[in-house]
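Structure record follows, encoded as structure tokens.
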Amino acid sequence: MNNQIAWDNGRLIVTENGRFLQHADGTPFFWLGDTAWLLLKRTTREQALTYLRDRKNKGYNVIQIMLVHDLNSENVYGRVPFRDLDLDKPDAERSPEFTSYWSYADEVIGMAEREGLYVALVPVWGSVVEHYSINAGTAERYGEWVGNRYKDRPNVIWLNGGDIRGSDNRDVWLNMGRAIRKAAPDHLMTFHPYGRTQSSTWFHNEDWLDFNMFQSGHRSYDQMEEDNPDTLVGEDNWRFVQIDWAKVPLKPTIDGEPSYEDIPHGLHFLEAPRWKVDDVRRYAYWSVFAGAFGHTYGHNAVMQFHTEERGVGAYGCTRSWIDALDDDGAKQMVHLKHLVLSRPYDERTPDETAICGDPGYRYDRLFVNLGKSYLMAYTYTGRTITLRLGLFSGKRAAVWWFNPRTGESDSAGVVDNEGTQEFVPPTVSVPGNDWVLVLDDVDQGFAAPGLPLSR
């Protein structure tokens, strides 16, 4: 974006087709998020800035943060978010002697703004509402207060809820969402739901819900089968996208919490295998190629800002978050953003009709995105891709192989854009040897996939 701050292009809005986000001036916005849930609780100013600059440099543009993790847990400066454990009494004062909880939150949000990063803020985590029996009236007053506090910040997005089902304390979430929307009408808002659920189940028709969010969660296929042998979900996060795409009115959707890098399968099973770089990459491409408008990455150590002095943290974490910032999954997410934005953005539509035969099962499944002048197909296993051509413009199609691990593209010649064509990826077929096949109308003169859009 040539060092231009994102919101210089105007506030974020939903595209006319109801599927994606863009700025008011029409500039596409691909959400590349990172979960920094405990940023306000466990970092100093200097550490927060280190984190934000790292994520900016790695291509992220949205940071997901809990404003309130608990009513009685102090931040690193010894301040709690509310006095007397009362949501009606925010600790928001500032004096030369101390920095309040909320003035520190203001500082961090301001740091993100200066770095050109959006902050997706959870007003209060779902467990707080349950544990302290927050009622709808209190939620409405707090929503009005927090909405007014940040209504003039150009980099705020709201995540109502917080790892909870919308059917639990439903009136709380409805009142909070409506109050925030009334106070801050120019900020987008969604609902962050419980694992393996989606906001559209409860709130799709609410005016304050601009886009849907699902939490595909951290369980493997095998772990899901233990609960219900008939389930087909497991790691298939793309299924949540298909459900949301079928709903009316049309609203964008995103996986706001897939399996995190270096976290045990199923979270609480500490002896289970841990999700690796190939897994987090697969979640990203599957959801986006199914139609999501972006993706959120997460890391076990980073999301809780764990330090070695803490010993064993949540979910068996022993690593320093500083060290984990450079894990491979964190570095590879930006390649997906670059790929999607290298072709006309809002034309992108999932289209299985281009696939000849069965699209495949579990890891072997194929995904196709179709634009007016291009086609992209993703394979996690590097399997042969057989397609029906002639679905996009042009008599001849340039062929590219895009590597999700490196972000590099190799030209593979030109083919006639008609009939049936078989494409064989450059490496042996095995899970984790994923590739994106890109076919372009030659006459469009697109640059290589992953490079800025040009014709």
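Only the coordinates and a few stated rules stand behind these numbers; no lab work does. This structure is a prediction, so every number in the text was calculated from the model and none was measured. Here Cβ is always computed from backbone atoms with ideal geometry, including for glycine, and neighbour counts include all displayed protein chains.
The table for this structure:
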read-out: Shape of region 13-142, Cα gyration tensor, a/c cut at 1.5; value: oblate
read-out: Angstrom value of the Kirkwood radius, inverse mean 1/r, which spans all Cα pairs in the chain; value: 22.6 Å
read-out: Of the chymotrypsin sites (Phe, Trp or Tyr not before Pro) in region 17-105, those whose Cβ has at most 14 other Cβ within 10 Å and which sit in DSSP loop; value: 77
read-out: Whole-Å distance, taken between Cα centres, linking region 46-113 and region 301-377; value: 28 Å
read-out: Label-point separation, residue 364 to residue 309 (7 Å along Cα→Cβ), nm; value: 5.2 nm
read-out: Prolate/oblate/rounded label for region 306-403 (Cα gyration tensor, a/c 1.5); value: prolate
read-out: Per-pair calculated FRET efficiency, R0 = 56 Å: residue 393 and residue 233 via Cβ, rounded to 0.05; value: 0.95
read-out: Extension gain (nm, one decimal) between residue 352 and residue 151, 0.36 nm per residue minus Cα-Cα; value: 68.2 nm
read-out: D (Stokes-Einstein, µm²/s), Kirkwood Cα radius, region 4-43, 1.002 mPa s at 20 °C; value: 181 µm²/s
read-out: Residues with amide H under 5 Å from that of residue 164, placed H, sequence gap 5 or more; value: 194
read-out: Given charges at beta-carbon only (K, R positive; D, E negative), |dipole| of region 349-444 in Debye; value: 160 debye
read-out: Cleavage-rule hits (GluC sites (Glu not before Pro)) in region 253-345: DSSP loop, at most 15 neighbouring Cβ within 10 angstrom; value: 271
read-out: Segment residue 16-residue 418, length gained on full extension (0.36 nm per residue, minus Cα span); value: 141.6 nm
read-out: Helix-only [θ]222 nm of the chain, DSSP H runs n ≥ 4, -39500 (n - 2.57) each, per residue, nearest 500; value: -7500 deg cm²/dmol
read-out: Distance cut-off 17 Å, percentage of C-alpha pairs in region 199-281 lying past it; value: 52 percent
read-out: Equivalent ellipsoid semi-axes - Cα gyration tensor, region 349-444, angstrom; value: 20, 15, 11
read-out: For 346, 279, 171, order by how many other beta-carbon atoms lie within 10 Å, fewest first; value: 171, 346, 279
read-out: Pair residue 8, residue 207: separation of 7 Å Cα→Cβ label points (nm); value: 3.5 nm
read-out: Packing-based exposure ordering (other Cβ within 10 Å, fewest first) of 221, 150; value: 221, 150
read-out: Of all DSSP beta bridges in the chain, antiparallel share, percent nearest 5; value: 65 percent
read-out: Amide H contacts of residue 261 (H built 1.01 Å from N, under 5 Å, at least 5 apart or other chain); value: 298, 299, 300
read-out: Restraint check, 56/151; 41/331; 56/89; 151/276; 247/372; 331/395, Cα-Cα greater than 28 Å; value: 56/89; 151/276; 331/395
read-out: Residue exposure sequence - 396, 405, 55, 153 - by fewest surrounding Cβ within 10 Å; value: 396, 405, 153, 55
read-out: Rounded tilt (10° steps) of 136-150 against the dominant C-alpha axis of the chain; value: 70 degrees
read-out: Ratio of Rg to Rh over region 172-327 (Cα coordinates, Kirkwood Rh, two decimals); value: 1.01
read-out: Estimated distance in nm for a label pair at residue 47 and residue 86, the labels positioned 7 Å out from Cα along Cα-to-Cβ; value: 3.1 nm
read-out: Estimated dipole of the chain in Debye, rounded to 20 [Cβ of Lys and Arg +1, of Asp and Glu -1, Cα centre]; value: 720 debye
read-out: Paramagnetic reach from residue 453 (point 7 Å along Cα→Cβ, amide N under 11 Å) across region 316-350; value: 340-348
read-out: Loop sites in region 387-455: GluC sites (Glu not before Pro), DSSP, at most 16 other Cβ within 10 Å; value: 408, 418
read-out: Semi-axis lengths (Å, descending) of the ellipsoid that matches the C-alpha gyration tensor of region 56-128; value: 24, 16, 9
read-out: Distant-in-sequence amide H partners of residue 158 (H built 1.01 Å from N, under 5 Å); value: 121, 188, 189, 190
read-out: Residue-count net charge about residue 73 - beta-carbon cut-off 12 Å; Lys, Arg +1, Asp, Glu -1; value: +1
read-out: Efficiency of FRET between residue 167 and residue 73 - r from beta-carbon atoms, R0 30 angstrom, step 0.05; value: 0.65
read-out: Relative contact order computed over the chain (Cα-Cα under 8 Å; 6+ residues apart), in percent; value: 12 percent
read-out: Inter-part distance where region 148-190 and region 394-442 are each reduced to a Cα centre, Å; value: 42 Å
